[in-house]
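Undergrad: One structure, as structure tokens, below. Some questions next.
The values are calculated or read from the model by the stated rules, or taken from the named source; none is laboratory data. Treat the numbers as computed from the prediction; the structure is a model and nothing was measured. Here the Cβ positions follow ideal geometry from the backbone for every residue, glycine too, while neighbour counts run over all protein chains shown. Calculation scope for accessible area: heavy atoms of the full protein, side chains included, ligands and nucleic acids excluded. Shrake-Rupley method; radii C 1.70, N 1.55, O 1.52, S 1.80 Å.
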Amino acid sequence: MKTIYYEQHRAVLCKEFFTKEEYDEMWLELSNLCSDDLLVNSEKSGGARDARGELLRFNRGLFIESVMNDSSIVKYMNKVFQKEIREEIISYNQNFRILENDKYPQANLINHYMGG
């Protein structure tokens, strides 16, 4: 894995984070999850709202745990919490120390944004 820190955006890009097998497994799972039967509109998936309470985005989403317990996406995305990776990311900016706190509940939301 290689990381690149973009200071002006306070963002870390992780290159080569997943193996090809992990990547392929997640894409297969994602293609199965992104169905009209499972995805709910942004009203139900907790879409962002403005000060007047109106939705700012229009998408369809799904909290993965609401439909499956053994998700490849969740398993492989959690690699970011491995000690070596956390330490490297935190070394770029102390604001990333939030990765050390495992007391926050985790909710894994996938979103599909339509045109417009």
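Undergrad: Assess whether Y23 counts as being of a type in the set (S, T, Y), open to solvent by less than 70 Å² (accessible area, probe 1.4 Å) and in a helix (DSSP H, G or I). Give the derivation first.
TA: Numbers: of a type in the set (S, T, Y): yes; open to solvent by less than 70 Å² (accessible area, probe 1.4 Å): no; in a helix (DSSP H, G or I): yes.
No, not satisfied.
Undergrad: Within the stretch 65-106, take every residue that is part of a loop (DSSP other than H, G, I, E, B) and modelled with pLDDT under 85 and give me the one that is most open to solvent (accessible area, probe 1.4 Å). Full working, then the answer.
TA: Going through the stretch 65-106, the residues part of a loop (DSSP other than H, G, I, E, B) turn out to be 67-71, 82, 93, 101-106.
Retained after the next criterion (residues that are modelled with pLDDT under 85): 101-106.
Values: N101: 62, D102: 132, K103: 171, Y104: 135, P105: 122, Q106: 95 Å².
Ranking the candidates gives K103 first.
Undergrad: Test each condition in (1) in contact with a strand residue (DSSP E or B) (Cβ under 7 Å, 6 or more places away or on another chain); (2) of a type in the set (V, I, T); (3) farther than 19 Å from H112 by Cα; (4) modelled with pLDDT under 90 for V12 and report the one that comes out false.
TA: Checking V12 against (1) in contact with a strand residue (DSSP E or B) (Cβ under 7 Å, 6 or more places away or on another chain); (2) of a type in the set (V, I, T); (3) farther than 19 Å from H112 by Cα; (4) modelled with pLDDT under 90, the one that fails is (4).
Undergrad: Residue under question is L109, and the condition is that it be open to solvent by 60 Å² or more (accessible area, probe 1.4 Å), at pLDDT below 85, farther than 28 Å from D24 by Cα and aliphatic (A, V, I, L, M); does it hold?
TA: Values: open to solvent by 60 Å² or more (accessible area, probe 1.4 Å): yes; at pLDDT below 85: yes; farther than 28 Å from D24 by Cα: no; aliphatic (A, V, I, L, M): yes.
For L109, the condition - open to solvent by 60 Å² or more (accessible area, probe 1.4 Å), at pLDDT below 85, farther than 28 Å from D24 by Cα and aliphatic (A, V, I, L, M) - is not met.
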